[in-house]
1. Taking the Cβ of each residue in Cys136, Cys295 as the centre, tally the other Cβ atoms inside 10 Å and list the residues starting with the fewest.
2. Just going by the charge dipole of segment 194-305, with Lys and Arg at +1 and Asp and Glu at -1 on Cβ, which of Ile294, Gln203, Phe216 is farthest out on the positive end?
3. Return a whole-number percent for the relative contact order of segment 1-107, with Cα pairs under 8 Å and 6 or more residues apart as the contact set.
4. Only four residue types carry charge here, +1 at the Cβ of Lys and Arg and -1 at the Cβ of Asp and Glu. Report the dipole size of the chain about the Cα centre in Debye, rounded to the nearest 20.
5. Below 20 Å, Cα to Cα, which lysines can Lys158 reach? Residues fewer than 8 away in the same chain don't count.
6. Report, in degrees rounded to the nearest 10, the 0 to 90 angle that the Cα long axis of helix 316-326 makes with the longest principal axis of the chain.
7. Where both partners of a DSSP beta bridge lie in segment 1-138, what percent of those bridges are antiparallel, to the nearest 5?
8. Tell me whether segment 175-258 comes out rounded, prolate or oblate; compute the Cα gyration tensor, take square roots of the eigenvalues as a ≥ b ≥ c, and use a/c under 1.5 as the rounded threshold.
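Laboratory data are not the source of any read-out in this text; all were calculated from the coordinates shown. This is a predicted model, so every value here is computed, not measured. Here the Cβ positions follow ideal geometry from the backbone for every residue, glycine too, while neighbour counts run over all protein chains shown.
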Amino acid sequence: MQELASLKELLANPQHIVITTHHKPDGDAMGSSLGLYNYLIQKGHHVRVITPTDYPFFLHWLPNNPEVIIYTEKIEDSKKYINEADIIFCLDFNSLSRINEMGEVVRDAKAKKVMIDHHLEPEDFDDYRHWSINACATAQLAYDFIVNIMQEPELVNKDVATCLYTGIMTDSGSFRFPTTTPQVHQIVADLIARGAENAKIHQLVYDNFSESRLRFLGYCLLNKLEVFEEYNTALISVSNDELDKFGIETGDTEGLVNYALTINGIKLAALIIERADKVKLSLRSTGDFPANEICKKYFNGGGHRNAAGGFSEKSLQDVISEFKSILPDYKSLLIL
Ligand code: 5GP
Ligand code: MN
């Protein structure tokens with residue numbers, strides 16, 4: 001692993017750079033990626049942001065979003081950019097499986113790889129690393145990279161500030177999760193001072209949904225929510241047919257799992273969704289309950305202690321049953 005500060009020399013001259021982030025990028029993935037993009041282009045670099053898949057409509061307003069390339073839509077161009085890159089920034093993930101088939105292309109590329117991330121247990125594929133599980137968002141680490149490591153706070157312009165604000169806002173649950181330290185608030189204050197329009201960003205991200213998404217939420221809460229009081233656990237499960245019926249698109253199910261956690265006393269909330277190719281599981285927990293442990297042990301996934309995810313090749317019903325069967329093993333932690 002090389003010293004992060006030595007990137008300063010490497011970035012002193014124009015380079016071919018690729019920025020990538022995880023499968024189904026969320027607000028932090030896109031906010032940190034486009035934040036870094038909007039910073040690097042000011043330094044004269046040739047930069048491409050390549051995402052492994054599409055991402056939600058409510059992130060498409062981010063500054064310079066039209067520059068983003070979706071790998072599955074432009075495979076040959078993407079491979080060329082990755083193979084020709086001098087530097088590849090890997091943002092908001094630390095395991096190459098999180099970028100699907102792009103993972104092998106990135107692994108084999110000659111470029112220096114820079115990981116900027118805040119998830120547990122990083123894999124060893126990078127040359128430079130800015131990593132901390134204490135960061136509330138990758139966008140916080142991207143801010144630290146630009147301001148403190150590269151020592152270029154003047155390059156945090158309105159576009160950079162807007163993107164980084166979005167990343168921090170979404171990954172910190174609008175500044176409410178325990179990782180939202182005084183330092184995070186100081187960073188956010190600086191981003192607003194540098195042009196991030198906080199009220200507008202909240203509106204664009206949180207009040208920008210379709211009518212059917214809201215009706216789908218109502219349907220799930222009324223008909224699909226199960227509460228297991230004995231285990232302080234709540235579950236919402238959704239079939240592919242139900243997604244189709246409401247015309248649910250990428251990103252429309254984001255945040256759904258959090259509603260289950262708002263019930264008084266609930267320590268563990270699960271959302272199990274039948275997608276076209278596999279069943280996706282999202283877990284949220286409170287306090288010390290290790291949601292990531294369940295995802296890692298049973299559902300090919302991982303994540304943070306209080307927000308984790310995974311998937312299964314089994315049927316929706318089997319995944320629901322498997323999830324329920326795990327609860328007794330965790331009873332002592334769930335009733336604490
Ligand atoms: P979500 O439930 O919103 O999809 O994901 C919550 C968190 O869980 C993400 O920030 C990520 O850290 C983690 N996560 C979600 N899906 C996966 C997965 O398939 N593998 C791993 N390792 N982590 C995941
Ligand atoms: Mn993140």
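1. Cys295, Cys136
2. The residue sitting farthest along the positive end of the dipole is Ile294.
3. Once divided by the residue count of segment 1-107, the mean separation gives 34 percent.
4. The dipole of the chain has a size of about 320 debye.
5. Answer for Lys158, where 20 Å is the Cα cut-off: Lys43, Lys200, listed by chain and number.
6. The helix 316-326 is inclined about 80 degrees to the chain.
7. 0
8. Taking the square roots of the gyration eigenvalues as a ≥ b ≥ c, segment 175-258 is oblate.
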